[in-house]
Amino acid sequence: MTNRAHWSGRLAFVLAAAGSAVGLGNMWKFPYITGTNGGGAFVLIYLLCIAVVGIPIFIAELYIGQQGQKNAVEAFEVVHKNRTPWRGIGAVGILSAVLILSFYSVVGGWVLDFEFRSIIGEFMMESDDKIKATLGSLFENSHRQLFWHLIFMGLAVGVVIGGVKNGLERWNKILMPALITILVGLFFYSTSLDGFGRSMGFLFSFNWENLTAAGVLEAVGHAFFTLSLGMGAIITYGSYLQKRTELARTAMMVAFLDTAIALIAGAVIFSIVFTYGFEAGSGPSLMFETLPMLFVKLTGGFWVSIVFFLLVAVAALTSAVSLLEVIVAYWEEKHNMKRWKATLLWGLIIWAVGVLCVLSISGDSPGGIDFFGIFDMLTSQYFLPIGGLLISLFFGWVLGPRAVEHVVGKEAQWAAQGLLWTSRVLAPLAVAIAVGNKIINS
Ligand code: TRP
């Protein structure tokens with residue numbers, strides 16, 4: 001175990017973990033599910049979930065990884081000191097990683113396609129209606145989607161093959177600061193749009209009538225999805241931490257970055273939505289329809305659109321890499337396979353599963369099954385929250401006070417008790433209520 005790879009320091013870890021957390025979940029999914037769920041009240045529930053459920057479970061996963069120094073399945077056994085059924089959480093996590101990455105990579109492919117269209121100046125030459133129809137026409141074109149899906153998986157494979165220091169760390173260190181800079185620039189730009197005020201109102205004023213049981217579960221599920229929780233990604237990244245690295249503040253830093261970036265992305269997108277009279281609740285197409293239309297109207301919009309889609313592609317890539325790493329780390333250790341072989345093997349398998357997602361988007365899937373929607377719903381609304389619930393119970397009850405003390409130190413008694421009972425009772429209960437409520441109401 002002495003030769004296990006490690007991050008070069010805490011900053012490297014924070015950037016890599018933020019790279020995992022900040023992704024399509026922030027730039028694409030958060031704005032559109034906020035739109036379909038009516039805004040402010042949904043955002044508030046989501047923020048509560050990050051604080052009460054997300055951060056404690058983030059800490060628990062970090063601890064399991066850091067102390068286990070193993071992949072997401074075997075780390076449970078190391079910290080438990082025995083063979084234990086709790087390792088099943090990691091096993092389901094591997095399955096979740098495959099399912100999530102299969103559709104995630106398809107959306108990543110759409111982003112690459114939009115980046116390509118930006119570079120060749122396609123949006124600049126077209127009318128608003130045609131721009132708006134771009135995503136729809138891409139949906140019908142399964143070959144084009146499959147091509148970009150392949151490129152996207154290829155990029156993720158390329159980074160993961162490099163390993164922890166020369167792959168994950170190296171790319172996150174460059175790409176994350178670039179992403180934050182571009183986004184902040186866009187945010188300042190959006191404050192000058194007429195719709196900025198309404199955008200803020202939409203995100204931060206509460207309209208409880210709009211919130212449903214399904215909406216609450218979606219907020220809970222998204223808190224897991226956006227922090228990359230509930231399936232072992234943070235366990236895996238945590239396993240590359242030195243055993244002494246401080247965890248609590250590290251977790252809060254990552255959660256803060258992730259949340260801030262989601263809110264800023266939401267503010268930018270809804271400013272455009274309200275300025276140009278788009279439909280806030282238009283669903284998954286939201287980002288792909290709104291932004292190119294804005295870009296054509298901007299001076300220098302040609303460049304802005306290139307930079308913007310590059311930003312989203314980067315965010316997606318650093319997240320996809322963390323999903324693939326969960327599987328590769330497991331396969332490499334468990335089957336003693338070379339990293340490059342394990343990465344290629346799983347890259348290929350996941351690409352193939354993603355073909356089902358593409359076909360369900362283009363309307364050609366076997367039996368008309370919506371694989372894309374099912375994989376997304378199944379993982380983010382059930383596997384991740386339930387995985388997170390179990391991790392929380394494992395941390396609170398099985399590892400207990402000793403683990404908590406390791407995280408918060410001996411002096412801070414109130415913090416220790418707070419973390420202990422949040423992970424024993426509060427977080428599991430909140431998740432159970434959200435999932436149970438949805439099942440009863442559906
Ligand atoms: N958090 C990423 C996003 O918001 C997606 C992601 C990466 C993820 N790794 C994960 C989601 C692990 C769930 C589990 O886009």
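Could you please rank Ile349, Ile161, placing first whichever residue has the fewest other Cβ atoms within 10 Å of its Cβ?
Working: Ile349 14, Ile161 19.
Least crowded to most crowded, the residues run Ile349, Ile161.
Need the full-extension length gain, Phe187 to His406, defined as separation in residues times 0.36 nm minus the C-alpha distance. One decimal, nm.
Working: separation 219, 0.36 × 219 = 78.84 nm, distance 3.91 nm.
Gain on extension, Phe187 to His406, equals 74.9 nm.
Using the Cα centre of the chain as the reference point, and only Cβ charges (+1 on K/R, -1 on D/E), how large is the resulting charge dipole? Debye, rounded to the nearest 20.
Values: 27 positive and 26 negative charges, 326 e Å.
Rounded to the nearest 20 debye, it is 1560 debye.
Looking at the chain, do any whole DSSP H helices span at least 24 angstrom along their long axis by alpha carbon and average 0.0 or above on Kyte-Doolittle, and which? Don't jump to the answer; show the numbers that get you there.
Working: long enough: 87-119 (46 Å, 1.30); 142-161 (28 Å, 1.27); 170-190 (31 Å, 1.17); 248-275 (40 Å, 1.85); 301-334 (49 Å, 1.58); 339-362 (34 Å, 1.54).
Length and hydropathy pass: 87-119, 142-161, 170-190, 248-275, 301-334, 339-362.
Among Phe270, Phe147, Phe13, whose mean-square fluctuation peaks in a Gaussian network model of the chain (Cα, cutoff 10 Å)?
Phe147
Can you give me the C-alpha center-to-center distance between region 210-263 and region 145-196, rounded to a whole angstrom?
Distance between centres, Cα-based: 18 Å.
Let's test the formula: R0 of 35 Å, r as the Cβ-Cβ distance of Lys165 and Phe139. What FRET efficiency results, to the nearest 0.05? Numbers along the way, then the final one.
Numbers: r = 39 Å, r/R0 = 1.12.
So the FRET efficiency works out to roughly 0.35.
Under the 0.36 nm per residue contour assumption, what length would be gained going from the current alpha-carbon distance of Phe116 and Ser8 to full extension? Intermediate values should be presented prior to the final figure.
Working: separation 108, 0.36 × 108 = 38.88 nm, distance 3.46 nm.
Taking Phe116 through Ser8 to full extension adds about 35.4 nm, to one decimal.
How charged is the neighbourhood of Ala41? Take every other residue with its Cβ under 13 Å from the Cβ of Ala41, and add Lys/Arg as +1 and Asp/Glu as -1.
Values: positive: none; negative: Glu209, Glu218.
Local charge sum for Ala41: -2.
May I ask you to list the lysines whose Cα is less than 25 Å away from that of Lys438, ignoring any residue fewer than eight positions away on the same chain?
Candidates past the 8-residue exclusion: Lys29.
For the chain, with a Gaussian network of springs between Cα atoms less than 10 Å apart, report the residue from Trp148, Trp171, Trp414 with the top mean-square fluctuation.
Top of the fluctuation ranking is Trp414.
Residue farthest toward the positive end of the dipole of the chain, with Cβ of Lys/Arg at +1 and Asp/Glu at -1: which of Trp208, Ile386, Ile374?
Of Trp208, Ile386, Ile374, it is Ile386.
What distance in nm separates the simple spin-label points at Asp129 and Asp370, each placed 7 Å from Cα in the Cβ direction?
2.8 nm
Going by how many other beta carbons lie within 10 Å of each one, how would you line up Ile433, Ile89, fewest first? Intermediate results must be reported in sequence, preceding the final value.
On the way: Ile433 13, Ile89 25.
Listing Ile433, Ile89 from fewest to most nearby Cβ atoms yields Ile433, Ile89.
Which of the peptides 362-375, 272-285 is most tightly packed, and how do the rest follow, going by the mean number of other Cβ atoms within 10 Å of each residue? It would help to have the intermediate numbers written out before the result.
Values: 362-375: 14.6, 272-285: 17.2.
Taking the mean over residues of other Cβ atoms within 10 Å, the ranking is 272-285, 362-375.
In nanometres, what is the gap between the two model label sites at Trp340 and Arg198, each 7 Å from Cα along Cα-to-Cβ?
With each label point 7 Å from Cα toward Cβ, the separation is 5.5 nm.
Mind checking which aspartates and glutamates have their C-alpha under 17 Å from Lys410, skipping anything on the same chain fewer than 8 residues away?
Glu246
Given a Förster distance of 51 Å, report the FRET efficiency between Trp303 and Leu429 from their Cβ-Cβ distance, rounded to the nearest 0.05. Please list the in-between numbers first.
Working: r = 49 Å, r/R0 = 0.97.
It comes out at approximately 0.55.
Which of Thr379, Thr259 comes first, and how do the rest follow, when ranked by fewest Cβ neighbours within 10 Å? Don't skip to the end; give the middle numbers.
Values: Thr379 28, Thr259 22.
So the residues, fewest neighbours to most, are Thr259, Thr379.
Taking 7 Å along the Cα-to-C-beta vector as the label spot, tell me the Phe206-Thr245 distance in nanometres, rounded to one decimal.
That separation, rounded to one decimal, is 3.6 nm.
Give the lysines reachable from Lys341 as a straight Cα distance under 22 Å; neighbours fewer than 8 places away on the same chain don't count.
In chain and number order, the partners are Lys70, Lys165.
Give me the distance between the Cα centres of region 84-118 and region 328-400, rounded to whole Å.
6 Å
State the extension gain, in nm to one decimal, for the chain segment bounded by Ile174 and Phe147, taking 0.36 nm per residue of separation less the distance between their alpha-carbons.
Details: separation 27, 0.36 × 27 = 9.72 nm, distance 2.63 nm.
Contour length minus Cα-Cα distance gives 7.1 nm.
Determine the calculated [θ] at 222 nm for the chain from helices alone, applying -39500 (n - 2.57) to every DSSP H run no shorter than 4 residues and normalising by the residue count; nearest 500 deg cm²/dmol.
When only DSSP H runs of four or more count, the value is -23000 deg cm²/dmol.
Bear in mind that the values in this text are calculations on the coordinates, not laboratory data. Predicted model, so just to flag it, every value in this text is computed and none were measured. Glycine gets a Cβ as well: all are built from the backbone with ideal geometry, and neighbour counts include every protein chain shown.
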